[in-house]
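Heads up: the structure comes next, in structure tokens.
The values are calculated or read from the model by the stated rules, or taken from the named source; none is laboratory data. Quantities reported herein were computed from a predicted structural model and do not represent experimental measurements. Ideal geometry is used to build each Cβ from the backbone, glycine not excepted, and the neighbour counts take in all protein chains shown.
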Amino acid sequence: MSVKIKAIELGGTLFVPASHKDLEHILSGEKYPELRSVVIDFEDGLSSSARPEALKRLEVLLQELQETTLLRFVRPQDQQMLKALLEVEGIEKVDGFILPKFGLDNAEAYLSLLPLASTSLSWHIMPSIEGRELFDIQQLQQLRDRLLPYQEQIICLRFGAQDMLRQLGLRQTGSIYDMLVPHQVIANLIMTFRPYGFEISAPVYPDFSDAEGFQKELTYELRNGLVSKTIIHPRQIPLFNTCYKVDEQSLISAEKILEEEDGLLNLEGSMGERKTQSSWAKSIKRRAETYGIRL
């Protein structure tokens, strides 16, 4: 595994079907130069009949793929496809894999294919929890404990918001955080994984014509500790990058907190304290270094 990729570096992660006509230009970074990470999707975004041809096409593209700052991942259909992909010539040119429908029933099958970060053959991964485990804190805790040995190579955890809604018989029309049960499920994920050092990516905002709603949701997610976000349309890329800029006052507060050795600070009328707020301050500095300052 190369240098550890941080979740903040992902930006908005664009999911692209493996059969997409412009896949080559997207993966090269030419088509969307502001995009920070992309997922070649062999799962939900692709029909079963299209997978064999798409897999052959990816094998050809890998031979010609050049190095770029764009982070490139593959979401296989399942662990059997992951095993096949790991044997494809040139697969080392991608940065890692999403593990779809990751759960207690297949965790061992997935993780047995992926050596630990202490070996030269390890990969960056993003497990995606999409099944009934989402609704059971004890099962989430079991998944967390199973993933702890792999924490060094896990960029972040993802979860299937649309899979969650399917199991509840619901359809999202606005922000998922306005829906009672999904809001609680996401809170449980944060509560179970974040204190143990796992980052969690935010779910898709399905109305890509609603720029205001998208940015409002991003602001809410940042305030609650979610990092990165699944995006489904290129018009969401600049909106994401703009929203992730840090306002100058927050950066000043973060720097003052990190400079302080002990005690309390007066930050424009609000309390600052290194012991309790240094994690927040470090995240603000990383965002500013990655996305810049909001003017």
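For (1) surrounded by 15 or more Cβ atoms within 10 Å (Cβ to Cβ); (2) within 14 Å of the chain's Cα centre (by Cα); (3) under 23 Å from Phe73 (Cα atoms), each residue gets a yes or a no:
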| position | (1), (2), (3) |
| --- | --- |
| Tyr150 | yes, no, yes |
| Leu157 | yes, yes, yes |
| Gly160 | yes, yes, yes |
| Asp163 | yes, no, yes |
| Arg171 | no, no, no |
| Tyr177 | yes, no, no |
| Pro206 | yes, no, yes |
| Phe214 | yes, no, no |
When you scan the range 123-137, do you find a residue that is in a loop (DSSP other than H, G, I, E, B) and of a type in the set (A, V, I, L, M), even just one? no
Check on Ile200, in contact with a helix residue (DSSP H, G or I) (Cβ under 7 Å, 6 or more places away or on another chain), crowded, with 21+ Cβ neighbours inside 10 Å and modelled with pLDDT of 95 or more: yes
Looking at the range 137-152, I want the residues that are free of Cβ contacts under 8 Å to residues at least 40 places away in the same chain and have a partner that is part of a helix (DSSP H, G or I) and of a type outside the set (A, V, I, L, M, F, W, C) with Cβ atoms under 6 Å, at least 6 apart or on another chain. Which pairs are those? Gln139/Glu133
Step by step: first the residues of the range 32-46, then only those that are surrounded by fewer than 18 Cβ atoms within 10 Å (Cβ to Cβ) and among the charged types (D, E, K, R), then the one that is nearest to Gln236 (Cα to Cα). Which residue is that? Glu34
Selection from the range 255-284 of residues farther than 28 Å from Gly213 by Cβ, part of a helix (DSSP H, G or I) and either in contact with a strand residue (DSSP E or B) (Cβ under 9 Å, 6 or more places away or on another chain) or at pLDDT below 90 (or both) yields Glu255, Lys256, Ile257, Leu258, Glu259, Arg274, Lys275, Thr276, Gln277, Ser278, Ser279, Ala281
Quick one: which of Ala84, Ala18, Ala50 is in contact with a Leu (Cβ under 6 Å, 6 or more places away or on another chain) and over 27 Å from Gly292 (Cα atoms)? Ala18
Residue satisfying all of: in the range 207-254; of a type in the set (Ser, Thr, Tyr) and out of contact with any His (no Cβ under 9 Å at 6 or more places or on another chain); modelled with the lowest pLDDT among these: Ser253
Please verify whether the range 6-22 includes one or more residues that are of a type in the set (Phe, Trp, Tyr), surrounded by 18 or more Cβ atoms within 10 Å (Cβ to Cβ) and farther than 18 Å from Arg235 by Cα. no
Just give me the residues in the range 223-238 being part of a helix (DSSP H, G or I) and touching a residue at least 60 places away in the same chain (Cβ under 8 Å), in sequence order. Gln236, Ile237, Pro238
If you check every pair at least six apart or on different chains, which have Cβ atoms under 9 Å apart with a residue in the range 37-52 that is modelled with pLDDT of 95 or more first and a residue that is buried (at least 17 other Cβ atoms within 10 Å of the Cβ) and among the acidic types (Asp, Glu) second? Ser37/Asp95
Scanning the range 69-81 residue by residue, those more than 19 Å from the chain's Cα centre (by Cα) and surrounded by fewer than 17 Cβ atoms within 10 Å (Cβ to Cβ) turn out to be Gln80
